[in-house]
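Note sheet for the following structure.
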Amino acid sequence: MFADRILSGMRPTGHLHLGHYHGVLKNWIKLQHEHPCLFFVADWHALTTHYDTPEVIGDSVWDMLIDWLAAGVDPAQATLFIQSRVPEHAELHLLLSMITPLGWLERVPTYKDQQQNMGEKDLATYGFLGYPLLQSADILIYRATHVPVGEDQVPHIEFTREIARRFNHIYGREVGFEEKARDAVKKLGSKKGRLYTEFRVRFQEQGDVDALEAAKSLLDEQQNLSAGDRERLYGYLEGGGKMILVEPQSMLTSASRMPGLDGRKMSKSYGNTISLREDPVSVEKKIRTMPTDPARIRRTDPGDPEKCPVWQFHSVYSDEATCDWVKKGCQSAAIGCIECKQPVIDAVLKEQEPMRERAQHFLDDPVLVRNIIADGCERARRLAQETMREVREAMGLDYS
Ligand code: TRP
Ligand code: SF4
């Protein structure tokens, strides 16, 4: 139950571009083969900032899912779903709000930053303040252990850990905890019980983190433990109470090296993007008209690749031989810029071809994507409901 689980989400606020592909999706595609993964469309999070233009969100949801599938996210490997289709996220958000100090939310660095960056728009809303808490609910409801995110999101994961800790601290204390934990150890059987105790002592007396990890994986392997006993045994390892919610770690996605057409980071707000499934004619045109080293005015002027955005594309797309050819050819004016751009055009088109094909398949048959997502939502919902049962019980809401 507490074994490795990866979760990440993306807000549906427009087409994805090659920056998303190189920065995020390629990583997801790799992870989906290595761990259980959940990837979801954070449509409620989009509403916190786009509450007055919901049509943008509606248009982007399916489009973005097709982008994921086109890029190679595989619904047979990963669970894909839409946040608002798993209403348990909202319930957990509400319940967590009871124990969330306002000061913690106000102190999240993205709060004031974004509020200022959005300029005109009134973001002094309840929903926007609660953005990180909603994100915590997204993560905690699946007991995700790892969350792949960019650097800007790291404070949100830290915040999530603090909320989980606070929740476990307040609600993980039950009457007779120690005794119940000791009974649960017995249920492991004599051999595993002894091993568990040995690891626990090693961690608690010597701070041996490897022993802690070993104990956790020992618990992960036990098929026949009840949820309550598992939480007790997890909590008992580190201290005083049940561990109901799992503290996640962020898994830093290395900053995308994908440059935009003007050499700045590729970003919608700079208008320097190539979209994931952009029409080939348009791709070719955009690259052909990309700026180059401004010192190369005439074909005969030597250039400096370091001052040229095209060179950055070569460093993403070209092999060593081609890079050599560019460097030498540019510095000696042996090649022209149009000539230099051709391998980049070819490489981008080649990268996009299978994506366009896969996308077409889904565009031709919209029911297919609907079914994939209905399946994913159902799977996600089952996991979320399991956690919610325990959360309600821990908070004393399981009246009968
Ligand atoms: N806030 C994230 C972003 O802007 C999106 C997001 C919402 C998310 N919920 C999440 C990411 C849970 C990871 C896990 O990128
Ligand atoms: Fe840039 Fe290539 Fe032209 Fe040199 S030859 S300035 S690297 S486009």
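Nothing in this text is a laboratory measurement; each read-out follows from the coordinates by a stated rule. These numbers come from a predicted model, not from an experiment. Note that each Cβ is placed from the backbone with ideal geometry, even for glycine, and that neighbours are counted across all protein chains shown.
Before moving on, here are some points about what is shown:
- Bridges between two residues of the chain, per DSSP, are antiparallel at a rate of about 10%.
- Total charge dipole magnitude, region 322-376, about the Cα centre, Cβ charges on Lys, Arg, Asp, Glu only, Debye to nearest 20: 280
- Taking all pairs of distinct alpha-carbon atoms in region 187-317, Kirkwood radius in angstrom: 20.1
- More than 16 angstrom apart: percent of Cα pairs within region 11-53: 50
- Calculated P(r) tail over 16 Å for region 277-363, as whole % of Cα pairs: 53
- Per-selection Kirkwood Rh - region 1-137 (Cα, Å, 1 d.p.): 16.2
- Between the residues 171, 134, 21, the greatest Cα displacement towards the positive end of the dipole of the chain, with unit charges on the Cβ of Lys, Arg, Asp and Glu, is found for 171.
- Pairwise Cα distances in the chain exceed 34 Å for 42 percent of all pairs.
- Taking Cβ atoms as reference points and 15 Å as the exclusive limit, the residues near residue 174 contribute a net charge of -1, counting Lys and Arg as +1 and Asp and Glu as -1.
- Value of relative contact order over the chain, rounded to a whole percent, pairs C-alpha under 8 Å and six or more apart: 22
- Normalised contact order of region 277-363, rounded percent, pairs of Cα under 8 Å and 6 or more residues apart: 33
- In order along region 21-34, the Karplus-derived 3J(HN,Hα) couplings, from 6.51 cos²θ - 1.76 cosθ + 1.60 at θ = phi - 60°, round to 4, 6, x, 10, 5, 4, 5, 4, 5, 5, 4, 4, 7, 9 Hz, and Gly and Pro are given as x.
- Members of 30/341; 265/307; 328/350 lying beyond 21 Å, as alpha-carbon distances in this model show: 30/341; 328/350
- Point-charge dipole on Cβ atoms (K/R +1, D/E -1) for region 177-237, about Cα centre, debye to 20: 280
- Long-range HN-HN contacts of residue 251 with modeled amide H, under 5 Å: 147, 149
- Rounded to the nearest 20, the Cβ-based charge dipole of the chain about its Cα centre (Lys and Arg +1, Asp and Glu -1) stands at 440 debye.
- Most fluctuating residue given options 14, 103, 329, as computed from a GNM of the chain linking Cα atoms under 10 Å: 103
- Computed log10 I(q)/I(0) for region 177-237 at 0.19, 0.21, 0.22 Å⁻¹: -0.60, -0.74, -0.81, from the Debye equation with unit scatterers placed on every C-alpha and solvent omitted.
- Selection from 222, 203, 281 lying farthest towards where the dipole of the chain points positive, charges on Cβ: 203
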